[in-house]
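Novice: Here you go, one structure.
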Amino acid sequence: MDLESVTDELYGLRPDRFTAARNARAAEARKAGDRALADAVRALRRPTLAAWASNLLVREQPEEARALAALGEGLRRAHQELDGERLRALSRQQHVLVTALARQARQLAADAGQPVGEDVQYEVEATLHAVLADPAAAEEWAAGRLVKPLSAPVGFTAALTDVPAPAGWRDAERRTDRRAAEEPRKEEERRSEEQRRERERRARELREELRRAEEEARAREEERDRAEADEERAEEEFREAGRRVEALAEELTEAERLRRTADDAVRAARRRLQEAERGAREARHRARDAATRAERAAGR
């Protein structure tokens with residue numbers, strides 16, 4: 001048994017089975033005399049439902065995982081190069097693929113006997129967006145050992161909604177305007193301006209919605225971390241109580257042994273007393289008989 005194989009085994013289990021299996025493996029390592037391995041196994045944290053579903057996806061669907069990783073590389077390259085046309089095309093693929101994979105993860109979780117809700121599916125989607133945005137997150141996810149869901153860097157997702165237009169678009173628009181009559185041109189400009197403002201307003205709303213969602217996700221992560229810490233403390237208190245119960249049981253066993261020994265000694269002493277009393281009575285009888293015989297002999 002080694003840490004790598006144990007870790008891989010544990011993070012393939014459902015979260016409700018993780019803690020018991022981890023403790024059993026740690027106990028096996030301690031029994032085998034490998035205290036360092038036991039401590040390392042004990043330190044492994046149970047994954048959240050969203051992290052487990054994300055791990056399940058990468059474990060069960062490796063081809064889809066590789067496709068997402070390739071899409072992430074393309075998105076990051078297009079984003080760096082400000083290739084608006086390619087970035088818009090890849091962003092559409094991103095939306096379709098992330099939605100499909102998150103639903104697939106939810107179905108895999110249900111097939112594994114652990115149904116999850118829409119909130120978990122949302123956290124899986126956030127994890128997949130992080131995988132697309134961050135190579136380090138993609139590598140962490142690919143290991144299939146997430147403890148909690150991942151978050152995309154702030155601004156990356158919002159930037160995809162505010163991509164620069166393809167080169168030549170404004171020139172084509174100006175040529176069209178020159179060919180059009182003055183009034184239709186002004187009307188078109190007005191509509192374009194309204195549409196631009198509406199896009200900007202919608203982009204701001206989406207960025208604000210993303211910010212609030214990320215804040216809520218962080219708050220939930222902190223709350224989950226506190227709950228996990230409470231669980232760890234409760235487990236340690238439970239183990240300490242178990243050790244105390246074992247010690248008290250040993251003390252009780254020893255006390256019962258001493259009580260049985262004392263009972264045996266009391267019974268033996270009682271038997272000796274009874275024998276002594278019987279001997280004393282017999283001695284008194286013999287003394288009286290001797291005295292009687294002596295009196296009779298003196299009377300003769």
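Novice: Between segment 1-41 and segment 189-258, how far is it from one alpha carbon centroid to the other, in angstrom?
Specialist: Taking the Cα centre of segment 189-258 as reference, the centre of segment 1-41 is 22 Å away.
Novice: Now a separate question. For segment 189-300, give the magnitude of the charge dipole about the Cα centre (Cβ charges: +1 Lys/Arg, -1 Asp/Glu; no others), in debye to the nearest 20.
Specialist: Once rounded to the nearest 20, the dipole reads 1860 debye.
Novice: Taking amide hydrogens as modeled 1.01 Å from N in the peptide plane, which residues meet the under 5 Å criterion relative to V116, leaving out close sequence neighbours?
Specialist: Excluding prolines and chain starts, which carry no amide H, the hits are A110.
Novice: Now a separate question. If packing is taken as the average count of other Cβ atoms within 10 Å, what order do 17-25, 1-9, 47-55 fall into, highest mean first?
Specialist: Ranked from most to least packed, the peptides come out as 47-55, 17-25, 1-9.
Novice: Sort T253, T127 by accessible area with a 1.4 Å probe, largest first. Walk me through the intermediate numbers first.
Specialist: Values: T253 85, T127 0 Å².
My answer, sorted largest first, is T253, T127.
Novice: Please give the FRET efficiency for D289 paired with A262, using the beta carbon to beta carbon distance and R0 = 35 Å, rounded to the nearest 0.05.
Specialist: In this case the efficiency is close to 0.30.
Novice: Set Lys and Arg Cβ to +1 and Asp and Glu Cβ to -1, take the dipole of segment 32-78 about its Cα centre, and tell me which of G74, N55, A43 lies farthest positive.
Specialist: Checked the options; the winner is A43.
The values are calculated or read from the model by the stated rules, or taken from the named source; none is laboratory data. None of these values were measured; they are calculated from a predicted model. As a convention, Cβ positions derive from the backbone with ideal geometry for all residues, glycine included, and neighbour counts pool all protein chains shown. Protein only, heavy atoms only, side chains kept; ligands, DNA and RNA dropped before computing areas. Shrake-Rupley method; radii C 1.70, N 1.55, O 1.52, S 1.80 Å.
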